[in-house]
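Read the figures in this text as sums done on the coordinates, not as results from a lab. Small disclaimer: the values here were computed from a predicted structure and weren't measured. With ideal geometry, Cβ positions are generated from the backbone for all residues, glycine too; neighbour counts draw on all protein chains shown.
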Amino acid sequence: MNDLEELLRDTVSDTRRRLDPPPSFYDGVRRRATARRHRQLAGGAAALAVVAVAAVGTTVAVQQPAHHKTQVGGPSAVSSDPLRGSVGASVSLGGDKFQAPMDVVATPSGLYVLTTTVTKLDAAGTRVVATAPGTAGTPSGLAVDGNRLWVWSQDIGQVKLYDATSLQVLATFESGLNFFSAAAINGNLWLAANEGLYLLPSGATEWAAAKHVVNSPVYSVVADPARHRVLVGTMVAEGGSDGLGGTSVTAVDTRNQRVTTAGATVPVGKSSIAVVGDQVWVGGYGSGDSKRIEHLDATTLNVIGSSAVSSQLGPGAILWSGDKVLWVRNGGDEGLSCVDPKTGAIREYWDGIQGPVSSIAGHAYAVQGDVVRLNLNAACPG
Amino acid sequence: MKPADEADFRAFVSARSPSLLWFAHVLTGDPHTAEDVVQTALAKTAVAWPRVRRKDNPEGYVRRAIVTTHLNALRRKPWREQPQAVIPDDAGAARPEHELDERDAMWTALSALPARQRAVLVLRYYEDLSEADIADVLGCSRGTVKSQAAKGLSRLRQIVEKENARR
């Protein structure tokens, strides 16, 4: 073992970094374990219910004339929970499992996947049609608007603009900031950072052209094109969960870059916002019994409800806007739910799906090493 | 969980959580992320505790759960858990100054590595796992473990030398 390896061994064994569990540590473990059991039981109970229905159906069938027997029961009904989703074909992106999927965006012209590289698949998500290197540092997310595609790095603040068809790099921006999220609308890119909200206008060739729109720390940003605005998750120190603070969802008019509405604080940190049609949702990480996901009034941005999925989440929730549904991932474990954006009802769920999700025109894709197509039921239009 | 299992699990958590948190801190580079990851890994373990407690090494089971939980979380939203190398001001007051500087530089360097390279090195130099065992934990080939370890060590050397020159 050389000196470097000895120093490494000493460092990772350095007792100065010992951590003592806080007083509520075991309670946190129990709460997460309970949520996990509930999810398992929910799946098992639903499956049992289907088995019971199938059994009753079979009994009825036995008592009915023989020509009715083929209409009830059947192996497929017995073996499946109606809400439990399955997956279809997958497409390999190449590389190994160290290439973590960072983001995926489905558009009418193709499916874009970000790992350390940008990959474009055809609109059906069945074959790779173009690839290009991602940003320097850790490529963290991508945004697509028309024929413009941006990739950004959280750690060093580099942004690259690509031609969305050829994946040719059109411009590279060095901001030096730490970005958490980004959204593209009207050819412009909006970026959420600890230093605030930034607008990188179309036509910009260097970071100096970026506008600093909001000064307070911003964790999430999502486009709301129907209302000519972006919705921003502003980090709030007070009124939030332990250590993570809270979030106030704020609307910024994309035409004049002015804040038009600021909602009440919701008790989640590390927020993600989803806009599906005229429905607005915010989710994030929280503590105790606080909701991890909240339904907001689209005008006031104040809380008007939550979702049935809330009780099944662990420490947090991560949200994505679907084409017609809300996608909710358990923030501390596997588990993805397709949620009705108006009622918050769970329409379909997958236990073992990891990685980001995107959907369009009745098709949904998750990326977890490979691109996986999710089989959607009739209640989850994607 | 039966009361006896519950009591046994609580005792396990009470006894081993400092060690597990330490391991997770080294793995993630951030105390808050470490707590989050360990709680999730222990929650997974709680569900399977009657089976896990019969194993020769339940703590090893939890450590593997910590690694997979951390890496899975990164796969979902990698930028949501940003490692921060924070060293307490009063840490290790009784140690020689040069030794602290070297370890602090190494800690900073370790925190700057990509998560999967750091996981390989932590499993190798903290857990003393073989390449084959690391490959098993991370779900990759031995060759990938070997190359990631080599890249990680090379990167560490560069950062430590740069950091030492700066101090």
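The relative contact order of the range B:1-77 comes to 31 percent, based on Cα pairs under 8 Å that sit 6 or more residues apart.
Among the trypsin sites (Lys or Arg not before Pro) in the range A:270-341, none sits in a DSSP loop with a Cβ that has at most 11 other Cβ atoms within 10 Å. Across the range B:98-167, Cα pairs under 8 Å and at least six residues apart give a relative contact order of 42 percent. Counting only other chain Cβ atoms within 10 Å of each residue's Cβ, the peptide A:18-27 averages 5. The listed peptides A:246-257, A:161-172, ordered by packing as a protection proxy, come out as A:246-257, A:161-172 (highest mean of other Cβ atoms within 10 Å first).
Averaged over A:2-10, how many beta carbons belonging to a partner chain fall within 10 Å of each residue's beta carbon? Please report the intermediate quantities before stating the final value.
Working: counts 2, 2, 8, 5, 1, 10, 15, 6, 5.
Mean partner-chain Cβ count within 10 Å for A:2-10: 6.
Seen from every direction in turn and averaged, the convex hull around the alpha carbons of the range B:1-77 projects onto 4.9 nm². Here residue A:342 is the anchor, and the aspartates and glutamates within straight C-alpha reach of less than 20 Å, apart from those fewer than 8 places off in the same chain, are A:224, A:278, A:294, A:297, A:323.
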